[in-house]
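The values are calculated or read from the model by the stated rules, or taken from the named source; none is laboratory data. Everything numeric here is computed off the predicted structure, so don't read it as measured data. Cβ placement follows ideal geometry from the backbone for every residue including glycine, while neighbour counts extend to all protein chains displayed.
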Amino acid sequence: MRAELDQIYRQHRQALYSLALTVTGCAQLAEDAVHEAFAGLCRGTQKPRGDLIAYVYASVRNAAIDRRKTEHRQRQLVESIFAARGPESDFRTPDDTEEQRERLQSAIESLDSATREILVMKIYGNLTLEAISLATGEPAGTIASRYRRAIEKIRNLMSTRLGATHERD
Amino acid sequence: MNEIEDQIRQLSLRPPEDSLDRRIFEELAMMERLSPQFDESLPRRGAAVVTAVWATLACLAGLIVFGGNPSLNSGSSEPGTSSSMTETTRAEEGSGAAGEGSGRLDQTVPFSSGNGLNAPASQNAEFELASARLLATEWEMQSGKVFPTALHLKDLRFFECRRCHVALSSPWHQSVPNDLTVTACTDCHKTGS
């Protein structure tokens, strides 16, 4: 169990953190949620049955939801899951690529939180739709259609903004 | 769809702080310290039950042989000697060859002379103590490793007097560090009870 958890953390560290950050909107709360989830798993007396990876994602998500409930009563938290690239960035990208990246990030952040969670688990965690279904407690069919709609929406937003940019030029 | 997915995948995510790694690995390390492989063998209840049945039969056989008044030399103070009824003597192994609190347990006795017809009122507690030892012994036999008793010192079943069940602040078994069969407090050992 310990070895499995260790491996899962090493492989899914970034995706788990991004999931928690998507839910909480706060880096510190996200870290606390991931820690809390693993602490619970490590101290638990029984080994979870079924898909352990999905179980870990569910634990992190639940811990993050609990944190959000507590903190959001006091303030609205909206930290991005994406890395900031300020002028101190070590590398430069062509302006159009940079602009496209920003548009893509904006499109993802315009999605509702629940849909972004699915996106994070699917794309960054490489979870199957069934595993996401286990982690969220929603039917796999619902997860699949929400994911499909999210990708469509992002594509539409990207093409609309791209068209607007070309017209402006 | 794949193109958009690839573009999303290439976005840089905000990484967690290193402190998160430290916190998680501390939890994992603590998990390892608190529950060695012994815990993973516990679900094999079938084997443990069989061992417990054999131990009970051995105890009953002992009572028949000794007429309900076992004359066991449970107070032996010679390091490496054993007070056990069903001992498979490995005294030379258990008399200090291994580190403190990490001796093999397959030479240990499941029940002391106080069990059976002459059982004390605290028989249940003693049975629990014996069961813990049995499980540890079972684990050793299955894994071929030495049970890390030192990791289970918080478990009072491994750290209480087998006669009066007080916590062992000054356990006599320290003089025979690897023999849990002689886990008795100094007072009980002196009285030879």
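Descriptive notes on the structure:
- Of the criteria (1) under 12 Å from B:LEU20 (Cα atoms); (2) without any contact (Cβ under 8 Å) to a residue 12 or more places away in the chain, which one A:ALA27 fails: (2)
- Restricting attention to the range A:111-129, the residues that are touching a residue at least 12 places away in the same chain (Cβ under 8 Å) and more than 10 Å from chain B (Cβ to nearest Cβ) total 11.
- Out of A:GLN46, A:GLN100, A:GLN76, sole residue that is at pLDDT below 90 and within 9 Å of chain B (Cβ to nearest Cβ): A:GLN100
- Of the residues examined, A:ALA84 is not one that is part of a helix (DSSP H, G or I) and either farther than 19 Å from A:GLY137 by Cα or modelled with pLDDT of 85 or more (or both).
- Leading residue by the ranking (farthest from A:ASN156 (Cα to Cα)) among those in the range B:1-15 that are of a type outside the set (D, E, K, R) and within 7 Å of chain A (Cβ to nearest Cβ): B:PRO15
- Filter result (free of Cβ contacts under 8 Å to residues at least 60 places away in the same chain and buried (at least 21 other Cβ atoms within 10 Å of the Cβ)) within the range A:3-24: A:TYR17, A:ALA20, A:THR24
- Test for A:SER106: is it at pLDDT 80 or above, closer than 24 Å to A:ALA150 by Cβ, among the hydroxyl-bearing types (Ser, Thr, Tyr) and assigned to a helix (DSSP H, G or I): yes
- Within the range B:18-58, being more than 26 Å from A:ALA30 (Cβ to Cβ), modelled with pLDDT of 60 or more and either surrounded by 13 or more Cβ atoms within 10 Å (Cβ to Cβ) or hydroxyl-bearing (Ser, Thr, Tyr) (or both) holds for B:LEU34, B:SER35, B:THR51, B:ALA52, B:TRP54, B:ALA55, B:THR56, B:ALA58.
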